[in-house]
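See structure below.
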Amino acid sequence: MTTEATTGTAGTTGRTGGTGRTDSAEAAEFAAHVGRALTRAGGALRQRQDPDGYWKGDFETSLIGEAGEVIFRHFLQLPDEAVTAAAAQTILGEQTATGGWASYYRGPDELLLSVFCYVALRLAGHDPEEPEMRAAAGSIRRNGGVEAVDNPTMLAWLAVIGLWPWRDIPLIPPELVLLPSRCPGNIYQIGAAARGIVVANSLFMAHRPVTPAGFGIGELFAGGGAEADARRLPRPRAVRIATTLSHAYARRPIGTLRRKAIRKAARWLIRTQEQDGSWGGNWPQTANVVMGLRAAGCPQDHPVIEAAMAALDRYVVVKDGQRRIEMWTSVVMDTALAVSAAAMEGAPDTRTAAERAVHWLLDNQVTELGDWAVLTKDPVPGGWPYEFTNNANPDADDTAFAVTALRRLYPRGSNPAVDDACARACRWMLSQQGKDGGWAAFEPLRWQLPGRETLARIGFLEAPSADITGHVLEALGADGLAHTSAARRGIQWLRRNQHSDGSWPGWWACYHLHGTSAAVTGLTACGVPGTDPAVARACDWIVAHQQDDGGWGEDIRALHDPRWIGTGDSTPSQTAWALLALIAAGRAGSEPVRAGLDFLVRTQQEDGDWAEPWHTWVVHHDGLYWRDSMLRLVYPIMAMAGYLAHVDGAEQQR
């Protein structure tokens, strides 16, 4: 039940893009209504804090992890009937009415995901003649058949169980690890999020092992089951060339070079294992590395493998009768944003909770050199990762969130430990600024590599983006660095990359709404006024995309279909993104802001939280999206608190 049913709504009188204000009595009543909602939300935030001080929401993606785990265990010959049965039950529970599986809420059947889910069910013992299996196969064929899957990395997972020929997959040569670190194409030119996967894949692609599934998947081919012909369908020219050349070399590698590369790749992987046994603090990278090391001959009882398997078990979440794989853990992001929300909400109990989280954040700041330092001049550690452990690759986004949160709670000079942490973090962020002035989440791209856009969409590379650049600028502004040359270069990057309609596309969330909100809050934090043409045009774009219910939403389909940009069902977090930008730009008193706040109040639940089943965040633009149960709470708190701070400021000026 929402508060609409128990407390009534604030009510709105329509909205415009102007800055018309209500009379003072009505404004005071509306502010009080927002204040009550904020108090409830603050209580919900406190209740969700972990005893250790951090906050972490549920990280929920599609079922690719659940299906992948079944394939992974079969390849390693580690069958577990209970695990497989639980995974199969979870997979069947999310089959769509059209037979396949969707990669996001209310989305269409997604081909790659549906293939993986089908294969996992077959490995779990389900017969292809079962009604659910026949429906799944039909969905796959209607979407082009398994032969239309064009992700080589994921096809390799079918190859290791004999369901796809290795000859059709471009091979990653392990010799990549032998290239000098400053040579284009070496592993440090690969996106940090994919680097470990690439090195691991090069190991099992060098050996091309197969643990047969014991069945075929001819029923999944759209070409009438003619597997041999279907598998030879034309691929993009670059893929065909890469496949031909890589297999030609794989058949006759330079023996001494290949052996040296395999040894170095294995040593590199072992050296980069995190203290908790994972790689990168996430399930996909850890699973790929285990497969690579096992293919290279590392025994199952090796301490490195045993630690990794224990780490993988920690990503398993059993909830609501389902066994899910939490592929990433969003703990630093959630904690930092929750601290920001708590600091803005301001209640004494909430501030006490935030202070406990600060200790956790300070303890988890990365204080050692990692992969990011290889190509960084005069590297200084100080970033934060996204996960519990990823010391090799902290990221600018979560570091920015942490700095902004710490400064909201402790202004400069009020806490020496926080001052020191923020100084180190800002030095680290400045070292990661791209040559063009923008920021990516991980290391800046030092070379203009061919096919960059395609590689970026599947996570192999990353270019600067408006959301990351905006978040870093907000952090620099919070730490008193708004007038530095680095901040000015970041501002100019945003100005150059603003679209003609006033918006910016984001990268890590959907899509123009997120990028535009982050850009505006970053610009204004660095002193750019709301009247600045770039900020004004951005806010006008936001207002123009407000929904009839007062909220904002942008569907995942906007990533691939321009007709969806700025359009979708209103969601609490996306509404809050829009409100934060408008408030930062000086439009807190406008009707669009009032209507957006009214949407948040009306849709709030009795427990102070909000419901948000939509996937609004992005891992890979080609089909891996996620949602976080903390973000639907913290962003509305920040928006409501920001509005009330404006109201209080206006009252004091009177």
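Figures for the structure shown
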read-out: Relative exposure of Lys435, Lys260, Lys377, judged by other C-beta atoms within 10 Å (fewest first); value: Lys377, Lys435, Lys260
read-out: Cβ-based exposure ranking for Met154, Met333, in which fewest neighbours within 10 Å come first; value: Met154, Met333
read-out: Low-density loop positions, GluC sites (Glu not before Pro), the stretch 51-152 - DSSP coil, at most 11 other Cβ in 10 Å; value: Glu129
read-out: Whether the stretch 508-654 is rounded, prolate or oblate, judged on the alpha carbon gyration tensor where a/c under 1.5 counts as rounded; value: oblate
read-out: Rg ratio (alpha-carbon, reference 2.2 N^0.38 Å) - the stretch 26-84; value: 2.12
read-out: Alpha carbon centroid spacing (whole Å) that separates the stretch 35-92 from the stretch 135-162; value: 25
read-out: Residue order, fewest to most surrounding Cβ atoms within 10 angstrom, among Ser414, Ser202; value: Ser414, Ser202
read-out: Read-out mean projected area of the Cα convex hull in nm², derived from the coordinates shown; its label in (1) 28.6; (2) 35.4; (3) 38.2; value: (1)
read-out: Along principal axes, Cα extents of the stretch 465-579, largest first, whole Å; value: 40, 25, 22
read-out: Alpha-carbon centroid distance for the pair the stretch 505-562 / the stretch 486-501, whole angstrom; value: 14
read-out: Net lengthening on full extension, Asp548/Leu78 (0.36 nm per residue, minus Cα-Cα); value: 163.9 nm
read-out: Difference of contour (0.36 nm per residue) and Cα-Cα distance, Asp363 to Ala44; value: 112.3 nm
read-out: Shape call, the stretch 62-255: gyration tensor on alpha carbons, a/c limit 1.5; value: prolate
read-out: Computed over the stretch 62-255: relative contact order in percent, which uses C-alpha pairs under 8 Å that are six or more apart; value: 21
read-out: GluC sites (Glu not before Pro) lying in DSSP loop within the stretch 345-439, provided at most 12 other Cβ fall within 10 Å; value: Glu368
read-out: Rel. contact order, % - alpha carbon contacts under 8 angstrom, at least six apart, the chain; value: 18
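The numbers here are math on the coordinates, done by the rules we state, and not lab data. Computed from a predicted model, the values in this text were never measured in an experiment. Neighbour counts are summed over all protein chains in view; Cβ atoms, including those assigned to glycine, are modelled from backbone coordinates with ideal geometry.
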